[in-house]
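> Before I ask anything, let me first share the structure, which is written out below as structure tokens.
The values are calculated or read from the model by the stated rules, or taken from the named source; none is laboratory data. Just so it is clear, the structure is predicted and the values come from calculations on it, not from any experiment. In this analysis, Cβ positions are derived from the backbone assuming ideal geometry, glycine residues included, and neighbour counts consider all displayed protein chains.
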């Protein structure tokens, strides 16, 4: 045992122990360090003669020196450069394990801030040429982590600029692996919100025109992104399941505490579980920070869309790559409201029911529409959709998708629709198929809001208060208003308005002006008293108006008062409110409620009528086709059929329909529920084997027997007449 301990204490052969002692007291072990440093220099000379062989001694010494480099910086100032030279000189012929050990040593030195990040990243991008997949993955991960750590506390603008310029050079390099790695690094840093500025986005944009298909597809995927709605649904479902699991765990610990022996340890466990649940609930209540998407940060989207379109025309890639390019161009056109007239005939060529991925092409056509596109450019696309899809020779699913695509396109540019075509399409509102019928009705609901004049008079519906306030705009017309629609509701004070939006007059009532001299007050009080007596008569005349202003309404009464006003009076009151006070969140909530009420309130010219009609609320699907930036594929493929066919889903919907409803059955019933049942009711509860002989007897009767029974029954009836 004593010999074993003495061997372990031999510092030259036990480098981990020496490393530990040096970190504690560098000055005391300087001699041992210098001895190991001389060993490293000798091993480097030997290694230079045959760099393809793995040298375990050199590996251990390099690891040791990189661990203690911060203790002897005067001696190891050139150590990082020596390793970098070895890697540059023999990068392709080095043994994989030896190369990895050198790389890890340099990463350790970089973490100790003994090596600049720019020099290290330049070296690592040169090492990407090595045929070592694990090394490339390792290097990419370290580059991302290193840049993230640099910007952890505060962003280093100067260093970020150098690194971004270097990444831009690597992205345009001829080496495909280096270009792909630099692109992946920038995309990952953008998603991690480290480099989410316009410079990074516009650097990534240049990769759209790369000759390497893999790099181009990665760039297109970055700008297109995954389906946001699916991500939102998944996150919502995951959060709901997490909430349920957290509540169950807290309940379980509470029950265990109630039943089992109470100890301090268990009480701490319960407190910790409650604190975790509170923290998670608090995190969910915090408002999310919404950043601009990458598409909004592009500097020159018009020239980018034109260049991409020219490349799309000459592209010989797979059809999926063409679809991604069309998707990117359509999003650029829709978000930035560009004008690219040649794009619509290109999309028009793919609008056929037998075309592969035709629903995605419909989405691209709708995304590329916006109010500034001339109707002459979009009318051929609309006519193609109507002629090729909304016809009786195709299935009802194809017709429904065609009508949905027309609705989405017209939601963004209603000026391309003609009255004759719209009236023809609305005739499908009585189609036998539910999907076609609902698609046609959603088109009617859209044009009731956009331009009711194009519809048949019977399809326009009753005019609403909101529809009367709106004025139909023509193509290129932009109507500016100097008030907030719906703000007139704030002119009527309700029960919950106390303390909200106080005016200057109300705030002045709380102040009392005091003069310095009391004698002046006594002298001036007499003429003031005379003035007050004269003003009392004038105040009596204005009492009626003040009472009306100070009257407090309920929410329904205030809404009724608003509905009695004409459109001009509402605009005047809304303009006065917008100019005279600051609006709070509660005020905007009231304005939104007023606008929603106007949407369903029927318009009547006479304001004295007490009975005012009210329209039914529009279905969610009719209102869901908003003119947002992106078009969801679900809006095109929205076919009203039973999507859930399994029994559990059907039973779940049946149970939901029975909630809050009386039980089915004969309402008559018997007077006394405890009374005995009849023979007919008893038969229903018996098993089939008990009634088998009766059923069998009836089935075995011959035709002659049945004929005689019928004859006897008829004679019996005739006798009693």
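> Just one of 608, 615, 644 is farther than 30 Å from residue 357 by Cβ, at pLDDT below 80 and loosely packed, with under 11 Cβ neighbours inside 10 Å; which is it? Step through it out loud before you land on a result.
Numbers: 615 fails: loosely packed, with under 11 Cβ neighbours inside 10 Å; 644 fails: farther than 30 Å from residue 357 by Cβ.
Answer to the selection: 608.
> Could you tell me whether any residue of segment 652-659 is at pLDDT 70 or above and either touching a helix residue (DSSP H, G or I) at 6+ places or on another chain (Cβ under 9 Å) or not in a helix (DSSP H, G or I) (or both)?
The initial filter retains those residues of segment 652-659 that are at pLDDT 70 or above, namely 652-659.
Filter once more, keeping what is either touching a helix residue (DSSP H, G or I) at 6+ places or on another chain (Cβ under 9 Å) or not in a helix (DSSP H, G or I) (or both): 658-659.
Yes, segment 652-659 contains a residue that is at pLDDT 70 or above and either touching a helix residue (DSSP H, G or I) at 6+ places or on another chain (Cβ under 9 Å) or not in a helix (DSSP H, G or I) (or both).
> Considering every residue within segment 284-294, establish whether at least one is at pLDDT 75 or above, outside the structural domain of residue 214 (by TED's automatic domain parsing) and part of a loop (DSSP other than H, G, I, E, B).
yes
> Out of the helices (runs of 4 or more DSSP H) lying entirely within segment 48-145, which hold 1 or more residues that are farther than 20 Å from residue 181 by Cα and without any contact (Cβ under 8 Å) to a residue 60 or more places away in the chain?
Where helices (runs of 4 or more DSSP H) fall fully within segment 48-145 and carry at least 1 residues being farther than 20 Å from residue 181 by Cα and without any contact (Cβ under 8 Å) to a residue 60 or more places away in the chain, they are 56-67, 79-89, 96-111.
> Scan (1) in a helix (DSSP H, G or I); (2) within 30 Å of the chain's Cα centre (by Cα); (3) closer than 22 Å to residue 111 by Cα for the single condition residue 161 breaks and write down its number.
(2)
> Can you run down the residue pairs with Cβ atoms below 6 Å, 6 or more apart or on separate chains, where the first is in segment 345-359 and assigned by TED's automatic domain parsing to the domain that holds residue 309 and touching a residue at least 60 places away in the same chain (Cβ under 8 Å) and the partner is surrounded by 16 or more Cβ atoms within 10 Å (Cβ to Cβ) and part of a helix (DSSP H, G or I)?
Within 6 Å, the pairs are 359/636.
> When only residues in segment 373-423 that are in a helix (DSSP H, G or I) and free of Cβ contacts under 8 Å to residues at least 12 places away in the same chain count, which is farthest from residue 442 (Cα to Cα)?
Filtering segment 373-423 for residues that are in a helix (DSSP H, G or I) and free of Cβ contacts under 8 Å to residues at least 12 places away in the same chain, the one farthest from residue 442 (Cα to Cα) comes out as 376.
> For the structure I just gave you, tell me whether residue 467 is modelled with pLDDT under 75 and assigned to a helix (DSSP H, G or I). Steps first, please.
Details: modelled with pLDDT under 75: yes; assigned to a helix (DSSP H, G or I): yes.
Here the answer is yes, as residue 467 does meet what is asked.
> Moving on. Would you confirm, using the coordinates I've provided, whether residue 322 is over 17 Å from residue 370 (Cβ atoms), at pLDDT below 95, more than 27 Å from the chain's Cα centre (by Cα) and in the same structural domain as residue 368 (by TED's automatic domain parsing)?
In short, no.
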